[in-house]
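Working notes, structure below.
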Amino acid sequence: KNEVEQSPQNLTAQEGEFITINCSYSVGISALHWLQQHPGGGIVSLFMLSSGKKKHGRLIATINIQEKHSSLHITASHPRDSAVYICAPISIKTGNQFYFGTGTSLTVIP
Amino acid sequence: NAGVTQTPKFRILKIGQSMTLQCAQDMNHNYMYWYRQDPGMGLKLIYYSVGAGITDKGEVPNGYNVSRSTTEDFPLRLELAAPSQTSVYFCASSYQGTGQETQYFGPGTRLLVL
């Protein structure tokens, strides 16, 4: 069983729709990162969460440590949001090392 | 700031050949990482370094070697390339390596071993 499960694996949305991507993990964590991988392959960090909720523009990330679950929401989705979104918890055991989910591939259609 | 740079962008190797993937950062970060990303799989940590002269194995180190002679550079060496090493390789860096800070990724090197 993978330590990190993301759902859905693939998602197609119409421009303007509200998007939710889910991440469940089985390890104890100190923090969780959400990453965005562009179609060209580049990876950027979106959020780091250790509790609660963070908002950046149209992106909102939440985490429930007790339930071992995090969500990434995109409001008013736009075609430029099309990318792979990767959940990456930091295990308490390994300290600075990430576990990575396999990613959710999002396509937003105009 | 160039951030994290990687060379080459793409390379084809024959089985048994060797090569070095270059990674450099200009942010004075202490921690540097090498990951590989296989199709449909999550990123896997190959090696990491907590500072010049100090390296350690990650989850999938077999078939690779690293060195860290300077803060800026963290090359990854493949000694005897195998088809299983066909992948996209990402280098990343962070300042403290606490896990509670941003990791900055390079653009990746796509490697094909035939």
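Worth a mention:
- Of all lysines in the structure, those lying under 26 Å Cα to Cα from A:Lys54, and not within fewer than 8 positions of it along the same chain, are A:Lys68, A:Lys93.
- Computed from point charges on the beta carbon alone (+1 for Lys and Arg, -1 for Asp and Glu), the dipole magnitude for chain A about its Cα centre is near 280 Debye.
- Rg/Rh for region A:1-94, where both radii come from Cα atoms and Rh is the Kirkwood radius: 0.96
- Shielding by partners for peptide B:45-52, expressed as the average number of C-beta atoms from other protein chains within 10 Å of each residue's C-beta, is 1.
- Only lysines eight or more places from B:Lys14 in sequence, or on another chain, were considered; those with a Cα closer than 25 Å are B:Lys44.
- 3J(HN,Hα) couplings calculated from phi for region B:100-105 with the Karplus curve 6.51 cos²θ - 1.76 cosθ + 1.60 (θ = phi - 60°) are, in sequence order, 10, 8, 5, 9, 9, 9 Hz; Gly and Pro show x.
- Count Lys and Arg as plus one, Asp and Glu as minus one, and take only other residues whose Cβ is under 13 Å from that of B:Asp38; the net charge is then +2.
- Under Karplus coefficients 6.51, -1.76 and 1.60, residue-wise ³J(HN,Hα) of region A:69-86 in Hz, glycine/proline x: 8, 9, 10, 10, 10, 10, 8, 6, 4, 9, x, 6, 7, 4, 5, 9, 10, 10
- Across the options A:Val27, A:Ser105, B:Tyr47, the greatest Cα extent toward the positive end of the charge dipole of the protein assembly as shown (unit charges at beta carbon of Lys, Arg, Asp, Glu) belongs to B:Tyr47.
- A Cβ-based charge dipole, computed about the Cα centre of chain B with Lys and Arg at +1 and Asp and Glu at -1, lands at about 400 debye.
- With a 10 Å cut-off around each Cβ of B:102-112, the average count of Cβ atoms from other chains is 4.
- Here the label points at B:Met27 and B:Ile15, each 7 Å from Cα along the C-beta direction, are separated by 3.9 nm in the simple model.
- In terms of the mean number of neighbouring beta-carbon atoms within 10 Å, the peptides A:37-48, A:22-33 order highest first as A:22-33, A:37-48.
- Evaluated at q = 0.10, 0.14 Å⁻¹: base-10 log I(q)/I(0), Debye formula over Cα of the protein assembly as shown: -0.45, -0.87
- Per DSSP, loop trypsin sites (Lys or Arg not before Pro) in region B:6-52 with at most 10 further Cβ within 10 Å: B:Lys9, B:Lys14
We did not get these values from a lab; they are worked out from the coordinates using the rules stated. This is a predicted model, so every value here is computed, not measured. In this analysis, Cβ positions are derived from the backbone assuming ideal geometry, glycine residues included, and neighbour counts consider all displayed protein chains.
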